[in-house]
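Have a look at the structure below before the remarks.
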Protein chains: 2
Amino acid sequence: MIYIMDKVRILEIGKSIYENNDAEADKLRGELRERGVFLVNLMSSPGSGKTSSVLRVAEHLGDEMKIGVMEADIDSAVDAETVAAAGIPAIQIHTGGMCHLDAGMTRQGLESPEMAGCDLVILENVGNLVCPAEFDTGAVKNLMILSVPEGDDKPLKYPLMFSVADLLLINKIDCLSMFDFVTEAVRERAAALNPDITVIEVSAKTGEGFAQVADWIRENREAWTQARTLSSGG
Amino acid sequence: MIYIMDKVRILEIGKSIYENNDAEADKLRGELRERGVFLVNLMSSPGSGKTSSVLRVAEHLGDEMKIGVMEADIDSAVDAETVAAAGIPAIQIHTGGMCHLDAGMTRQGLESPEMAGCDLVILENVGNLVCPAEFDTGAVKNLMILSVPEGDDKPLKYPLMFSVADLLLINKIDCLSMFDFVTEAVRERAAALNPDITVIEVSAKTGEGFAQVADWIRENREAWTQARTLSSGG
């Protein structure tokens, strides 16, 4: 079911029909490659700052690529409305109570007219540090956020999320003095699970660190586009 | 599988064998009633302050009732170790990657010797604002925490959790000046979903508000014990 409320399109998505999500994710990734759509999957606990980080990324990259944002939540359209109010094409995906998105659900979101012609699509997954890590959405890269108030022990408790992330943003770094949080401990614990992970300290509130995040996305998108051209062009 | 590591018992719990979790939860609740064990299920996002809130509750109630704590996580034993180091009987439950506990898993935890003879057992569920709300653990009361850094829009996005909670703690209230968080908005949004919910503002860091939390637990346990005596004594 699709309806438009409060200016943003809301997709009510049911359970996916695909039995083999990994195969479906690979297929979707292949199609995105052909269409030149760089899809990133952004995951974190509730309230870590996903939406405000999306807005910061758009500030840096909005002039050089067309960005679309798909906001997933159990209910409400507040995030998509926030993003749309900043002038960025956005849709809200309702998961029907489900705790994660899979490739089939992601595909349904990508088919909405707001995402047409986008160079970079950011999928903001359901706020959840457990289940979204288990399902390949078809994204080219997985980004995750850990915010300072959540504590530096999270890689110990939710290892899979840190294992599947390509980029980890440590957000709310402006609050460091308020909390017992050692960034070096997170870096070490994340690297122990995932030696290839990139870690950037940011504050979505002040904007600190997002030039570096934009660089990371730009570089990874260029490398992916180049590989695409080489593989399709011979 | 059970093994003891770093001083705390770790239970590796697999998927429950019960098809009807609601029936199993009611059965467990009935057994706990007979044994006089007041079980509370504590839920929140990762890093909202569940473990530090448990320690604060134990400070207030530890002299008047025997308390046991069951810590559930995907991995690590850091929470159970923290609780045990404070002199409170504690076990760590590993969910085998699962995002929630059900009644069968809770039962397995309750059978561990550390929980024997406890008047109050606190089950710290997996840090997750989605899935734990869907599964009745057999607890007499559901407690949840929303911490200030997570934002006041969470009842809009995760309505089921706020609907099943009997008590909502708004934690990290000492950080209120650092964040755009309106406590009255949370109270209104939670009450709209659940008119019977009790809301208490706390800081597990400073201890503010936990005398009131202890009162709530004491009163609800007394009411439950009284109802128990009446129903069994005639």
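Normalised by the number of residues in chain A, the average gap of Cα pairs under 8 Å and 6 or more apart makes the relative contact order 23 percent. For chain A, the 222 nm mean residue ellipticity estimated from helices alone, with every DSSP H stretch of n ≥ 4 adding -39500 (n - 2.57) and the total spread over all residues, rounds to -11500 deg cm²/dmol. Sorting A:219-226, B:63-70, B:18-25, B:46-53 by average packing, meaning the other beta carbons within 10 Å per residue, from highest down gives B:46-53, B:63-70, B:18-25, A:219-226. Take each residue of peptide B:176-182, count the partner chain Cβ atoms within 10 Å of its Cβ, and average: the result is 2. A point 7 Å from Cα along Cα→Cβ stands in for A:R218, and the other copies hold the same point at 6.1 nm, listed in rising order.
Only lysine pairs 8 or more places apart or on separate chains count here, and in chain A those with Cα atoms under 22 Å apart total 16.
Per-residue shielding of A:148-161, expressed as the average number of other chain Cβ atoms within 10 Å of the residue Cβ, stands at 6.
Dividing the alpha-carbon radius of gyration of the stretch B:83-177 by the rule-of-thumb value 2.2 N^0.38 Å gives 1.19.
Could you work out the percent of alpha carbon pairs in the stretch B:11-105 separated by over 23 Å, rounded to a whole number? That fraction is 30 percent. Placing a label point 7 Å from Cα toward Cβ, how far apart in nm is A:K7 from its equivalents in the other copies, listed shortest first to one decimal? Sorted ascending, the copy-to-copy spacings read 5.6 nm.
Tell me, rounded to the nearest percent, the portion of alpha carbon pairs in the protein assembly as shown spaced more than 34 Å apart. It works out to 33 percent of all Cα pairs. The stretch A:183-234 and the stretch A:66-119 have Cα centres spaced 22 Å apart.
When each of the peptides B:162-168, B:152-158 is scored by how many other beta carbons lie within 10 Å of its residues on average, the order from highest to lowest is B:152-158, B:162-168. The order of the peptides B:180-186, A:185-191 by mean Cβ neighbours within 10 Å, most packed first, is A:185-191, B:180-186. Near A:S112, once Lys and Arg are set to +1 and Asp and Glu to -1 for all other residues with Cβ below 15 Å from its Cβ, the sum equals 0. Span-like helix criteria (full DSSP H runs; alpha carbon extent of at least 30 Å along the helix axis; mean Kyte-Doolittle hydropathy of at least -1.0) are satisfied in chain B by B:210-233. Taking the Cα centre of the stretch A:135-191 as origin and assigning +1 to Lys and Arg Cβ atoms and -1 to Asp and Glu Cβ atoms, the resulting dipole is close to 120 debye. Averaged over the residues of peptide B:74-81, the number of Cβ atoms from other protein chains lying within 10 Å of each residue's Cβ is 4. For the stretch B:2-222, the Stokes-Einstein estimate of translational diffusion at 4 °C and a viscosity of 1.567 mPa s comes to 75 µm²/s, using the Kirkwood hydrodynamic radius over alpha-carbon pairs.
Partnerless cysteines in the protein assembly as shown, where a partner means another cysteine C-beta under 4.7 angstrom, comprise A:C118, A:C175, B:C118, B:C175.
Read-outs throughout are calculated quantities, based only on the coordinates presented, and are distinct from any laboratory measurement. Predicted, not measured: the structure shown is a model, and the values here were computed from it. As a convention, Cβ positions derive from the backbone with ideal geometry for all residues, glycine included, and neighbour counts pool all protein chains shown.
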